[in-house]
């Protein structure tokens with residue numbers, strides 16, 4: 001899950017596994033696999049960084065715990 005900021009300043013938490021695409025038009029629009037769209041303040045690069053950080057945390061935690 002990643003935190004994003006809508007244009008009105010409210011925060012949303014999005015399951016990054018459900019992100020289908022991110023585009024700048026010039027606002028950043030995140031489209032989910034269900035077709036829902038979110039217009040957010042973050043840039044594409046910031047969203048990619050958030051996803052990479054989140055996925056890295058999951059991998060780090062899973063390495064410490066045996067399956």
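We did not get these values from a lab; they are worked out from the coordinates using the rules stated. Computed from a predicted structure; not experimentally measured. Cβ: placed from backbone, ideal geometry, glycine included. Neighbour counts: every protein chain shown.
Prolate is the label for the stretch 2-64, because the ratio a/c of its alpha-carbon gyration tensor axes (a ≥ b ≥ c) is 1.5 or higher and a/b is greater than b/c. Note: relative contact order over the stretch 2-64, using C-alpha pairs below 8 Å and six or more positions apart, is 27 percent.
Each peptide among 28-38, 50-60 gets the average number of other Cβ atoms lying within 10 Å of its residues, and from highest to lowest they stand as 28-38, 50-60. To the nearest ten degrees, helix 44-64 and the longest principal axis of the Cα atoms of the chain are 20 degrees apart.
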